[in-house]
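For reference, the structure discussed in these notes is given below.
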Amino acid sequence: MAWRRTLGVVALLVVAGGGLRAQAPMLPADLPSEAPAEFKVASESWDHVRREVMIPMRDGVKLKTVILIPKGAKDAPILLTRTPYNAAEQTGHTASPHLGPVLQGYDNVADLIVEGGYIRVVQDIRGKYGSEGDYVMNRPLRGRLNPSAVDHSTDTYDTIDWLVKHLPESNGRVAILGISYDGFLPLMALVDPHPALKAAVPMNPMVDGWRGDDWFHHGAFRAQNLSYIYEQQATRANDLKWWTGYHDDYDLFLRAGSTGALAASRGMDQLGFWRKITEHPAYDSFWQQQAMDRVLASRPLSVPILLVHSLYDAEDIYGALAVWKALKPKDTAHHLVYLAMGPWSHGGEIGEGSGLGPLKFNQDTALQFRRDILKPFLDQHLKGAGKADLPPVSAFETGTNTWRKLPAWPVAGEGTAVRATPFYLEAGLKVSTTAPKAGDAPFEEYVSNPAKPVPFRARPIQAVGYDAAHTWPQWLTDDQREASGRTDVLAFVSEPLKEPLRIAGEPAANLVASTSGTDSDWVVKVIDVYPDEVASQPSMGGYQLMVSADIFRGRYRESVETPKALKPNEPLVYRFALPAANHVFLPGHRVMVQVQSTWFPLYDRNPQTFVPNIFFAQPGDYRTATQRIYHAPGQASCVELPVVK
């Protein structure tokens with residue numbers, strides 16, 4: 001009873017709002033955070049100082065910039081990279097007090113930076129990661145395509161101006177360096193260069209997105225780049241990832257239908273750059289005005305430049321040499337424009353370069369480049385270390401695995417000349433330097449079926465990737481026997497060579513071909529066929545190594561700006577350049593030329609029926625076609641090889 005009376009009293013007090021409720025303990029409104037508003041890193045033991053600053057551009061937009069300064073630095077040159085790929089991540093590879101390990105994961109010129117005492121600066125371009133502003137893919141120069149007051153040229157100028165004024169540890173001399181997109185940005189810096197810019201090193205740069213770099217090759221769209229466009233443009237920090245649902249990209253792209261249909265299924269119509277690509281499938285002014293070789297050819301040349309080209313570049317195999325062609329004639333004093341080319345994949349020059357795929361070079365070619373070419377070039381122009389003993393061209397020759405110092409490109413050396421030599425495609429699927437004769441069969445033919453396109457490498461085909469699980473970077477060294485055994489691929493081959501055959505320059509495809517359709521793609525591959533047995537490396541027995549290869553979209557045969565339907569079954573001439581090679585076919589090897597009409601899913605399928613825009617081809621547009629390659633007198637197909645004599 002006493003217990004019940006107590007409960008009743010408590011209840012009355014609670015209802016009355018007094019007594020016990022008034023005496024209840026008060027709880028804080030919020031639990032204080034245990035993390036400080038800003039954590040200050042105790043970096044006294046580090047061998048460098050890290051600064052993260054927001055550098056203002058002329059329009060008020062601020063760009064996040066990471067600055068790494070060796071402790072005790074004095075009169076140190078600045079090595080700048082501008083990037084859309086996260087400056088903080090590139091300069092924070094590992095938790096270490098030492099500068100080398102901090103840079104090593106993304107920046108394998110770290111040894112050069114540390115030993116040279118450079119101030120390392122990496123900056124997010126506008127619109128990406130920590131930088132303010134709007135992102136535009138390969139933002140064009142101010143003008144018709146860019147009505148704003150800023151571009152990458154002005155942003156680089158403003159950045160360098162800030163750096164030389166705010167880094168008392170520097171000597172006021174700056175070089176800009178980068179690979180791929182980061183290699184395109186040094187080219188933009190050359191348009192209106194800051195006086196403190198003393199050197200530029202564009203490596204594997206994006207130069208012309210239609211003729212032969214990232215987006216198209218001779219009009220054929222590089223379909224597997226959809227994932228890059230999606231991730232690069234969907235968000236500021238690339239944190240929205242492309243998905244497939246397939247183990248094999250071949251299945252993904254084939255079942256989607258057209259490339260436009262696949263893009264639409266991923267919501268890519270929301271992306272401005274994707275819409276521009278689909279609106280400009282031909283080489284119109286949109287692409288022409290952005291081509292950096294054209295842009296720089298019209299500008300004065302004042303900054304020393306070291307162009308770096310990879311012979312096995314799966315992404316930007318066109319750009320560096322296009323800029324070389326544009327700039328070298330302007331270098332009348334022969335001291336501003338240099339070229340280095342090596343047996344690397346895209347960006348492989350900053351990695352380990354003793355081999356690629358099955359190829360072994362018996363030397364670390366990338367280390368040799370960094371030590372013997374890049375370092376002397378930078379030392380000369382940033383440190384005043386005296387004139388570097390560099391030839392105009394440093395070119396690695398595959399086949400013999402030899403570095404060559406050349407006075408020009410494609411001139412191969414003193415006392416030699418390069419001659420375009422026809423290697424004819426002949427009856428019986430043969431290759432010969434002798435023109436075809438009357439009486440032989442006039443053509444070879446195959447049926448191209450878009451429903452069963454030729455895979456560009458052995459299936460299952462991986463998505464594009466650069467981690468250890470992906471082999472994308474080395475696919476240009478893949479064995480081509482997979483293709484040569486198909487009925488929709490013609491494989492012409494020579495007799496075994498009795499003497500070395502040395503080529504230096506761009507092969508040229510000269511096809512006389514017909515199709516039963518009204519549009520067609522033509523893929524031409526120059527291949528080094530190894531002997532049936534190779535004692536030093538048995539796995540290379542009979543290997544078919546691509547030396548140079550590319551694709552041409554037939555609708556652009558008469559004009560790259562205005563596509564036109566092909567006349568069915570009429571032999572027509574298709575002439576187009578293949579990527580440059582610096583190679584020796586050794587005795588006992590054979591020269592093979594493969595011809596096909598699909599290279600999938602690296603490139604989108606041509607429906608083989610002329611439609612206004614292939615991106616939006618409908619299922620009924622894709623039709624089989626009979627393809628003929630002619631090799632008769634007056635209709636001789638050949639590949640012109642740049643033979644060194």
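The values are calculated or read from the model by the stated rules, or taken from the named source; none is laboratory data. These numbers come from a predicted model, not from an experiment. Virtual Cβ from ideal backbone geometry, glycine too; neighbours counted across all protein chains shown.
Of the residues making up segment 130-147, those that are in contact with a helix residue (DSSP H, G or I) (Cβ under 7 Å, 6 or more places away or on another chain) and surrounded by 21 or more Cβ atoms within 10 Å (Cβ to Cβ) number 2. The residue that is surrounded by the most Cβ atoms within 10 Å (Cβ to Cβ), counting only those in segment 589-616 that are in a strand (DSSP E or B) and of a type outside the set (A, V, I, L, M), is GLN596.
Cβ-Cβ distances below 8 Å connect the following pairs, each with a first residue in segment 28-53 that is free of Cβ contacts under 8 Å to residues at least 60 places away in the same chain and surrounded by 10 or more Cβ atoms within 10 Å (Cβ to Cβ), a second residue that is polar (S, T, N, Q) and part of a loop (DSSP other than H, G, I, E, B), and a separation of six or more residues or different chains: VAL49/SER43; ARG50/SER43; ARG50/THR91.
Looking across LEU382, LEU378, LEU356, LEU374, one residue alone is touching a Ser or Thr at 6+ places or on another chain (Cβ under 8 Å), buried (at least 18 other Cβ atoms within 10 Å of the Cβ) and in contact (Cβ under 8 Å) with a residue 12 or more places away in the chain. It is LEU356. For segment 241-287, the candidate set comprises residues that are of a type in the set (Gly, Ala, Ser) and outside any helix (DSSP H, G or I); within that set, the residue that is farthest from GLY143 (Cα to Cα) is GLY245.
Residues checked against (1) modelled with pLDDT of 95 or more; (2) under 19 Å from the mean Cα position of the chain (by Cα):
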residue	(1), (2)
ALA314	yes, yes
GLY319	yes, yes
VAL323	yes, yes
HIS334	no, no
LEU339	yes, yes
SER345	yes, yes
SER354	yes, no
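Annotation note: of VAL201, VAL174, VAL191, the sole residue that is part of a loop (DSSP other than H, G, I, E, B), among the hydrophobic types (A, V, I, L, M, F, W, C) and in contact (Cβ under 8 Å) with a residue 12 or more places away in the chain is VAL191. Annotation note: of TYR129, TYR157, TYR118, the sole residue that is modelled with pLDDT of 95 or more, over 22 Å from GLY209 (Cα atoms) and touching a His at 6+ places or on another chain (Cβ under 6 Å) is TYR157. Considering (1) farther than 24 Å from GLY428 by Cα; (2) in contact with a helix residue (DSSP H, G or I) (Cβ under 8 Å, 6 or more places away or on another chain); (3) of a type outside the set (Phe, Trp, Tyr), the lone condition that THR515 does not fulfil carries the number (1). Report yes if LYS328 is closer than 23 Å to VAL207 by Cα, of a type in the set (Lys, Arg) and buried (at least 17 other Cβ atoms within 10 Å of the Cβ), otherwise no. Considered against the rule, which asks whether it is closer than 23 Å to VAL207 by Cα, of a type in the set (Lys, Arg) and buried (at least 17 other Cβ atoms within 10 Å of the Cβ), LYS328 comes out as yes. Of the listed requirements (1) of a type in the set (D, E, K, R); (2) assigned to a helix (DSSP H, G or I); (3) within 24 Å of SER43 (Cα to Cα); (4) in contact with a Leu (Cβ under 9 Å, 6 or more places away or on another chain), GLU115 misses just one: (4).
Of the residues contained in segment 108-129, one or more are found to be closer than 24 Å to ALA366 by Cβ, polar (S, T, N, Q) and touching a residue at least 40 places away in the same chain (Cβ under 8 Å).
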